[in-house]
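This is the structure I have questions about; it appears just below.
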Amino acid sequence: MAKNRPYILLTPGPLTTSDTVREAMLRDWCTWDEDYNNLVQDLRSRLLALAGKDTSGYTTVLMQGSGSFVVESVIGSVIPRDGKLLVVSNGAYGDRIETIAKMLGINYVKYRPKDSEIPDPQKISEYLAVDPAITHVAVVHVETTTGILNPIADIAAVVKGAGKILIVDSMSGFGGVSIDAPALGIDFLISSANKCIQGTPGFGFVIARTSELEQSKGRARSHALDLYDQWYNMEKGKGKWRFTSPTHIVRAFYQALIELEQEGGIAAREKRYQTNHRILTEGMLELGFTMVIPSELQSHIITSFYPPKVDDYNFKRFYQNLKDRGFVIYPGKLTEAETFRIGNIGDVFPSDMEDLLVAVKESMYWEQN
Ligand SMILES: *Cc1c(COP(=O)(O)O)cnc(C)c1O
């Protein structure tokens, strides 16, 4: 059993991290010293290299806060006052982008398929055609609400074909789902430290088209979340953050990047997550559970299930039974139906999924507990 791990987190962030990632936090760093700043620069270039084959013309910005802070930073910083945003949402995280736009007073329209449906690129094309005022489109890559995988390449083709700026929330996708941001023409891709790169929570990052980021100067609706200013200072100061940097988290993230490389990069990690996902879903179906999302739309990141068909099902008890056996799962986030979610990401392996299935079987039958 790994150290300091009373149970594993089968949740989509924070998630289970390795001992070595957590141990990397056991020293202090000076946020202004070049030892730390050099580490930040190295980290930024390693991140950029993960974003695609040819990343010239792109840059990386790190931003304090959880993933939503970084989404808010992008939405609030890159859309000009006379711009208009098309929010494409099929879940809670897409809806959160709408909330951000609304609260910041940004002009927007929303295309909202159901949680169980993927956005139709043809529909997006129609939105753009009827409303030429739209300048930016924001969409989630893997909707963590359900685990549905949105057709990001097809959406990018339509959005870039129409000459619009594309913002992708790839929070739970980046690092675990192969994506070539420059090749797809994505202008801003957002993710965070505590998802598929397997770091600890506290900051996020943006892979940005440099020319578009430069255009954002002076557009921010918030000082602390000003993406351009954060980038400008990081560039000028060669790895300096504008305000206090989450130094321990950054150091842990650096270790997580090394471990991603040691595993064989994103392709190898994606394969492990896919194996985790296959073992989980096959086993759960065998135990009589059903999946919320049709399997052809389901990502290998996180899976939503309907509750077991036993008479006195109670999520709290199911959750507690699993936790007692070493597994923490996630409640559902759907409004229409009671569901729960199990993540496949983090420092978890096929053998953990096999053990989980044994625990699920024991946890379903209340009379045995
Ligand atoms: C995790 C996640 C976020 C950010 O959530 P925080 O709780 O702010 O870290 C945003 N979008 C998606 C798709 C996510 O999975």
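Hey, does region 5-13 have a residue that's open to solvent by 30 Å² or more (accessible area, probe 1.4 Å), closer than 23 Å to E261 by Cα and either in a helix (DSSP H, G or I) or in contact with a Ser or Thr (Cβ under 9 Å, 6 or more places away or on another chain) (or both)?
The answer is yes; a qualifying residue exists.
Could you tell me whether any residue of region 124-146 is crowded, with 17+ Cβ neighbours inside 10 Å, in a helix (DSSP H, G or I) and touching a helix residue (DSSP H, G or I) at 6+ places or on another chain (Cβ under 6 Å)?
yes
Just to be sure I understand the filter: pairs with C-beta atoms under 8 Å, separated by 6 or more residues or on different chains, first member in region 200-226 and within 25 Å of A252 (Cα to Cα), second member open to solvent by less than 50 Å² (accessible area, probe 1.4 Å) and of a type in the set (D, E). Which pairs pass?
That search, which allows pairs on different chains as well, returns A208/D187.
Can you name the condition, by its number, that L149 falls short on among (1) open to solvent by less than 50 Å² (accessible area, probe 1.4 Å); (2) within 16 Å of the ligand (Cβ to nearest atom); (3) at negative phi; (4) not polar (S, T, N, Q)?
(1)
Check A359, A337 and return the single one that is modelled with pLDDT under 90 and hydrophobic (A, V, I, L, M, F, W, C).
None of the other options fit; the residue is A337.
Please verify whether region 292-299 includes one or more residues that are on the phi < 0 side of the Ramachandran plot and small (G, A, S).
Yes - at least one qualifying residue is present in region 292-299.
Which of the residues belonging to region 184-208 are near the ligand (Cβ under 10 Å from one of its atoms), in contact with a Phe, Trp or Tyr (Cβ under 8 Å, 6 or more places away or on another chain) and open to solvent by 10 Å² or more (accessible area, probe 1.4 Å)?
K195
Within region 272-279, is there a residue that is within 19 Å of I197 (Cβ to Cβ), polar (S, T, N, Q) and surrounded by 20 or more Cβ atoms within 10 Å (Cβ to Cβ)?
So far as region 272-279 goes, yes, one or more of its residues are within 19 Å of I197 (Cβ to Cβ), polar (S, T, N, Q) and surrounded by 20 or more Cβ atoms within 10 Å (Cβ to Cβ).
If you check E212 against the conditions, is it acidic (D, E), more than 16 Å from the ligand (Cβ to nearest atom) and open to solvent by less than 40 Å² (accessible area, probe 1.4 Å)?
yes
Scan V88, V71, V40 and give me the residue that is open to solvent by less than 50 Å² (accessible area, probe 1.4 Å), within 16 Å of the ligand (Cβ to nearest atom), in contact (Cβ under 8 Å) with a residue 40 or more places away in the chain and under 25 Å from K238 (Cα atoms).
V71
OK, next. Against the conditions (1) out of contact with any Gly (no Cβ under 9 Å at 6 or more places or on another chain); (2) crowded, with 20+ Cβ neighbours inside 10 Å, where does I106 fall short? Just the number, please.
That leaves (1) as the condition not met.
What's the number of the only condition in (1) among the aliphatic types (A, V, I, L, M); (2) open to solvent by less than 30 Å² (accessible area, probe 1.4 Å); (3) in contact with an Asp or Glu (Cβ under 8 Å, 6 or more places away or on another chain) that A181 fails to meet?
(3)
Here's a check for you: in region 74-85, which residue that is surrounded by fewer than 23 Cβ atoms within 10 Å (Cβ to Cβ) and away from the ligand (no atom under 16 Å from the Cβ) is nearest to I155 (Cα to Cα)?
K84
So, in region 166-178, of the ones that are in contact (Cβ under 8 Å) with a residue 40 or more places away in the chain and either surrounded by fewer than 24 Cβ atoms within 10 Å (Cβ to Cβ) or not aliphatic (A, V, I, L, M) (or both), which residue ends up nearest to F69 (Cα to Cα)?
Restricting to residues being in contact (Cβ under 8 Å) with a residue 40 or more places away in the chain and either surrounded by fewer than 24 Cβ atoms within 10 Å (Cβ to Cβ) or not aliphatic (A, V, I, L, M) (or both), the top hit is D169.
Go through (1) in contact (Cβ under 8 Å) with a residue 12 or more places away in the chain; (2) surrounded by fewer than 22 Cβ atoms within 10 Å (Cβ to Cβ); (3) part of a loop (DSSP other than H, G, I, E, B) one by one and return the number of the condition G163 breaks.
Going through the list (1) in contact (Cβ under 8 Å) with a residue 12 or more places away in the chain; (2) surrounded by fewer than 22 Cβ atoms within 10 Å (Cβ to Cβ); (3) part of a loop (DSSP other than H, G, I, E, B), G163 breaks only (1).
Something else about it: Output the number of the condition that K53 fails; it satisfies all remaining conditions of (1) surrounded by fewer than 18 Cβ atoms within 10 Å (Cβ to Cβ); (2) part of a strand (DSSP E or B).
Every condition holds for K53 apart from (2).
The values are calculated or read from the model by the stated rules, or taken from the named source; none is laboratory data. Please read these numbers as outputs of a predicted model, since none were measured by experiment. Glycine gets a Cβ as well: all are built from the backbone with ideal geometry, and neighbour counts include every protein chain shown. All accessible areas refer to the heavy atoms of the entire protein, side chains included, with ligands and DNA or RNA removed. Shrake-Rupley method; radii C 1.70, N 1.55, O 1.52, S 1.80 Å.
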